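Undergrad: Could you have a look at this structure, given as structure tokens, before my questions?
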Amino acid sequence: MKTIQIGRTSVSVLSGDITAWSGDVIVNAANSGLLGGAGVDGAIHTVGGPEIMEQCKDIRKLQGGCPPGHAVMTCAGLLKAKHIIHTVGPIWEGGGGGEELTLAECYRSSLQLANEAGARSIAFPNISTGIYGYPKASACDIALKALTGYLKEDKPDNRLEKIDLICFDAENAELYIQRLDQYA
Ligand code: AR6
């Protein structure tokens, strides 16, 4: 584990499975349809149970899903969290399709929604770096820049005390640990 502190918020890099994390908000790397999938999305729905999917279906009925870069919130079912924030990363198509902005927006919109829900702690997976194919080093820089940039704005409504970046694969863990200090 490695940690930096920005104002009231600690930002830590950890290795592991996000479904084992305890805290206020777990972020899911979902797809626009919100009907589940593989990767971390599959793990969250499998471990969290059917209540999360029921609420995803209600959101689909209300707003027809979730566009890339946006975020929606459900309960956390059987997971040890209060909420799941489902955000939709960009599918990597070579970088000319606005992928960088969309990925940064995923992190910002998730932090914003977590703060609106009064969360003090949040855990993120490495959005888009699995099935969606985003190059991991670039995605790591975008994530760290977006998260620390948000914190450095020092918004009065930021109540988050802890942001945990949960790296499932060794390549992401190594990248995040190497690069975290650059964003302190
Ligand atoms: N805990 C933490 N991270 C995980 C876990 C886990 N249990 N499992 C995988 N990862 P991905 P994406 C990491 O593919 O690229 C789904 O089908 C993984 O190593 O889960 O945003 C959705 O429904 C990788 O670093 O999400 C979408 O259709 C990171 O999570 C699509 O995949 C993201 O990999 C989204 O693709």
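Values in this text are rule-based calculations from the coordinates and carry no lab data. Keep in mind that what you see is a predicted model, and the values were worked out from it rather than measured. Neighbour counts are summed over all protein chains in view; Cβ atoms, including those assigned to glycine, are modelled from backbone coordinates with ideal geometry.
Undergrad: For the range 86-184, give the magnitude of the charge dipole about the Cα centre (Cβ charges: +1 Lys/Arg, -1 Asp/Glu; no others), in debye to the nearest 20.
TA: On the way: 9 positive and 15 negative charges, 50 e Å.
With only Lys, Arg, Asp and Glu charged at Cβ, the dipole is about 240 debye.
Undergrad: In Å and on Cα atoms, what radius of gyration and Dmax does the range 1-101 show?
TA: 14.7, 41
Undergrad: Still on this structure, please answer the following. Which whole number in µm²/s is D for the chain by Stokes-Einstein, with the Kirkwood Rh taken over Cα pairs at 4 °C and 1.567 mPa s? Mind dumping the intermediate values first?
TA: Values: Rh = 16.1 Å.
Estimated via Stokes-Einstein, D reaches 81 µm²/s.
Undergrad: How big is Rg to Rh over the range 138-184, alpha-carbon atoms, Rh as the Kirkwood inverse-mean-distance radius?
TA: Checking Rg against Rh, the ratio lands at 1.00.
Undergrad: Reachable lysines from Lys2, Cα under 21 Å, same-chain residues fewer than 8 places away excluded?
TA: By straight Cα distance, Lys2 reaches Lys136, Lys145, Lys152, Lys162.
Undergrad: Another question, if that's okay. Excluding residues fewer than 8 places away in the same chain, name every one of the aspartates and glutamates whose C-alpha is closer than 16 Å to that of Lys61.
TA: Glu51
Undergrad: Tally Lys/Arg at +1 and Asp/Glu at -1 over every other residue whose Cβ is under 11 Å from the Cβ of Thr74; what's the total?
TA: Numbers: positive: Lys57, Lys82; negative: Glu51, Glu54, Asp58.
Net of charged neighbours comes to -1.
Undergrad: In deg cm²/dmol, rounded to 500, what helix-only [θ] at 222 nm does the chain give when every DSSP H run of at least 4 residues adds -39500 (n - 2.57) and the total is split over its residues? Let's see the in-between values first.
TA: Details: 5 runs with 69 residues, N = 184.
Helices in the chain give a 222 nm mean residue ellipticity of -12000 deg cm²/dmol.
Undergrad: Treating the beta-carbon of each Lys and Arg as +1 and of each Asp and Glu as -1, no other charges, what is the dipole magnitude of the range 2-183 about its Cα centre, to the nearest 20 debye? Can you show the working numbers first?
TA: Working: 16 positive and 21 negative charges, 79 e Å.
Dipole about the Cα centre, nearest 20: 380 debye.
Undergrad: Compute the normalised compactness of the range 89-173: alpha-carbon radius of gyration over 2.2 N^0.38 Å, N being the residue count.
TA: Numbers: Rg = 13.0 Å, N = 85, 2.2 N^0.38 = 11.9 Å.
Compared with the compact-globule rule of thumb, the range 89-173 sits at 1.09.
Undergrad: Give me the distance in nm between label points sitting 7 Å out from Cα along the Cα-to-Cβ direction at Asp157 and Ile131, one decimal.
TA: Going from the Asp157 label point to the Ile131 one covers 3.2 nm.
Undergrad: Let me ask you something else. From the residues Ser128, Thr3, Leu14, which one has its Cα farthest along the dipole of the range 1-140 in the positive direction, the dipole being from +1 and -1 charges on Cβ of Lys/Arg and Asp/Glu about the Cα centre?
TA: Result: Thr3, furthest along the dipole toward the positive end.
Undergrad: Gly7: net charge of surrounding residues, Cβ under 12 Å, Lys/Arg +1, Asp/Glu -1, itself excluded?
TA: Details: positive: Arg8, Lys152, Lys155, Arg159; negative: Glu153, Asp154, Glu161.
So the environment of Gly7 carries a net charge of +1.
Undergrad: Work out, step by step, the length gained on full extension between Ser10 and Leu101: first 0.36 nm times the residue separation, then minus their alpha carbon distance; give nm to one decimal.
TA: Roughly 30.4 nm would be gained on extension.
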